[in-house]
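See structure below.
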Amino acid sequence: PCWFVTRRILRDVDGALVVWHARRHRKALTMHAIETTIWQPRQLNWWIGLIFMLGASLFALGSLLCLAPSLATQLGLSSAQVNVSFFIGSIPFTTAAYLQLYQAANAPGFNTAQPSNAKRAYFGWKPQDAGWISCVLQFIGTILFNFNTFDASLADLSWAKEALLVWVPNIVGSILFLASGYLAFIETCHRLWAFRPREISWWVTSAN
């Protein structure tokens, strides 16, 4: 039911039917690779996950200090300094989101191999690729959260400036995150909805 290129049925040299999955092809992840080791610094996927975890940890720290202001006081942190932790955390998010976009932009097609000397695309243009569009929307959303978290750390904003500089990018960025997550879900499931708890990609996109 979706016009995005997420799944193709191919016929191999022996005549057998082979199902090609867009996300699996792009991510090149298998359960064996995950189970083999958690230390894969030569893999872009490993760095993407690590950088996302760094940003999430800073967000969690800032949230904890907001919920427990006495703890922030004991650490000698002002409310402005606590707010800055959210902005610092948004930077790894944007970095990891761009790496995902770079990965999607340079993923080979469903029936082509990426030549070793191919010119690298920094953003690419794949409007029929659900994975690429998902990464684009997420990257733009993270940039909006850079503005949102930075502006939230500014003191003495009027209600109008707070609405315009803090809440507008917050709302738009959240909508883009939702759209990005659902497109990644479509790329994984090849349909508008599916329940596949045995697939790790299903869990990843469902959690997103």
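What follows is calculated from the coordinates using simple rules that are stated; it is not laboratory data. Because the structure is a prediction, the values reported are computed rather than measured. For neighbour counting, all protein chains shown are included, and Cβ atoms are generated from backbone atoms with ideal geometry for every residue, glycine included.
How much length is gained if the chain between Q81 and Y122 is pulled fully straight, taking 0.36 nm per residue apart and subtracting their Cα-Cα distance, in nm to one decimal?
11.4 nm
When a/c reaches 1.5 or more, the comparison of a/b and b/c decides; with that in mind, is the stretch 113-208 rounded, prolate or oblate per its Cα gyration tensor? Note, shape of the stretch 113-208 comes out oblate.
Here the peptides 142-148, 73-79 are ranked by packing, the mean other Cβ count within 10 Å, and the order with the highest first is 142-148, 73-79. Between K161 and W203, the contour length at 0.36 nm per residue exceeds the alpha carbon distance by 11.2 nm. Our estimate of slack between S174 and W47, defined as 0.36 nm per intervening residue step minus the Cα-Cα distance, is 43.3 nm. Peptides 188-196, 169-177, 88-96, 155-163 ranked from most to least packed give 88-96, 169-177, 188-196, 155-163, packing being the mean of other C-beta atoms within 10 angstrom over each peptide's residues. Sorting the segments 126-137, 55-66 by their mean number of nearby beta carbons within 10 angstrom, highest to lowest, gives 126-137, 55-66.
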